[in-house]
1. Going down the table (Lys136/Lys197; Lys17/Lys163; Lys182/Lys205; Lys87/Lys175; Lys182/Lys245), which pairs top 24 Å between alpha carbons?
2. Once phi is turned into ³J(HN,Hα) by the Karplus curve 6.51 cos²θ - 1.76 cosθ + 1.60 with θ = phi - 60°, what whole-Hz value does each residue of region 263-268 show in order, with x for glycine and proline?
3. Could you give the spread of the C-alpha atoms of region 122-279 along their three principal axes, from largest to smallest, in whole angstroms?
4. May I ask you to work out the translational diffusion coefficient for region 52-186 at 20 °C, viscosity 1.002 mPa s, via Stokes-Einstein with Rh from the Kirkwood sum over Cα pairs, reported in whole µm²/s?
5. Can I get the semi-axes of region 2-95's equivalent ellipsoid? Compute them from the C-alpha gyration tensor as square roots of 5 times the eigenvalues, in angstrom, largest first.
6. With +1 assigned to the C-beta of every Lys and Arg and -1 to the C-beta of every Asp and Glu, and no other charges, what is the dipole magnitude of region 122-279 about the Cα centre in debye, to the nearest 20?
Amino acid sequence: MILDEEKRKNEKAIIKKYQQYLKLEKSLSKNTLEAYNTDLEKLMSFLSSERIGILQTTTNDLEQFIAGLHDIGIHARSQARIISGIKSFFRFLILEDYIDIDPSELIEGPQIGLKLPEVLSIEEIDAIIASIDLSKNEGQRNRAILETLYSCGLRVSELTSLKISNIYLEDEFIKVEGKGSKQRLVPISQKAIKEIKLYFLDRNKQNIKKGYEDFVFLSRRGTGLSRIMIFHIIKELAQIAGITKIISPHTFRHSFATHLLEGGANLRAIQSMLGHESIATTEIYTHIDREMLRSEIIEHHPRNIKYRKEKQQHPKL
């Protein structure tokens, strides 16, 4: 019993050290840190139930854990994220000389098919923005939020943390703090600037809580907006506009990138504006572009038009 207690104490110390490593050395965002910790807790719960110590974990143990994730219906994409977190943890154990062999090295994630993100047309975006009731107190704020999301291709966390001191309206740029506290400059459209300036007229009348003076977008209580609040705002406006697609704040980011690519923007420029570390992440939008090109060819190529006409005249062909 004393040995078990000592082992648990040592394991807690290892996990705490790993969490400090992620925070200080890997410079991960708060949301990514929370995801890593949650996934590690799942593994720890499994190991505890099987009475397996962290440092005694084998590849077979991890395979059983992952099989359990599949059995309880966890989606392949979520499984892949959990496996990525586990691999990070065991790489840390190797790095710190806690273990000599990495049991996660041969573990492979599930096959995930390419899932193209939902994209709104320019007309659908206009319809959502037009559905905002400007007579409501938060109306102008919501219009400024959507114009900024679409104009700059921001992640929702980047929008909620956007500071007044990082907006350069005269130069038509904003400074964005992205993943891992990495900063980038992003152009902002004149339309978004106009909506932000109109929103500031309302914002200046608010009773702003201490600590939120520099935040651009505020709740009615004078505090910051949460990601969930932005999600609800967009969901409600999409319903009013009659948009049946399943969308989120991220849909505006996808639409931003897709529309830029369709307009002839350079993929590297889009990568820079989105804050993607790898061009491979941005390349998903070339797949969207290819799908659009394919449908255009199928729809308008003279051979396809001729075939459709023949099919109508002779259905058995």
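None of the figures in this text is laboratory data; all of them are computed from the coordinates on show. All of these numbers come straight from a predicted model, not from anything done at the bench. With ideal geometry, Cβ positions are generated from the backbone for all residues, glycine too; neighbour counts draw on all protein chains shown.
1. Where the Cα-Cα span goes over 24 Å, the pairs concerned are Lys17/Lys163; Lys182/Lys205; Lys87/Lys175; Lys182/Lys245.
2. Taking θ as phi minus 60°, the curve returns x, x, 5, 6, 4, 5 Hz for region 263-268.
3. Sorted largest first, the three principal extents are 43, 36, 27 Å.
4. Translational D for this selection: 111 µm²/s.
5. 20, 20, 11
6. Result for region 122-279 is approximately 580 debye, rounded to the nearest 20.
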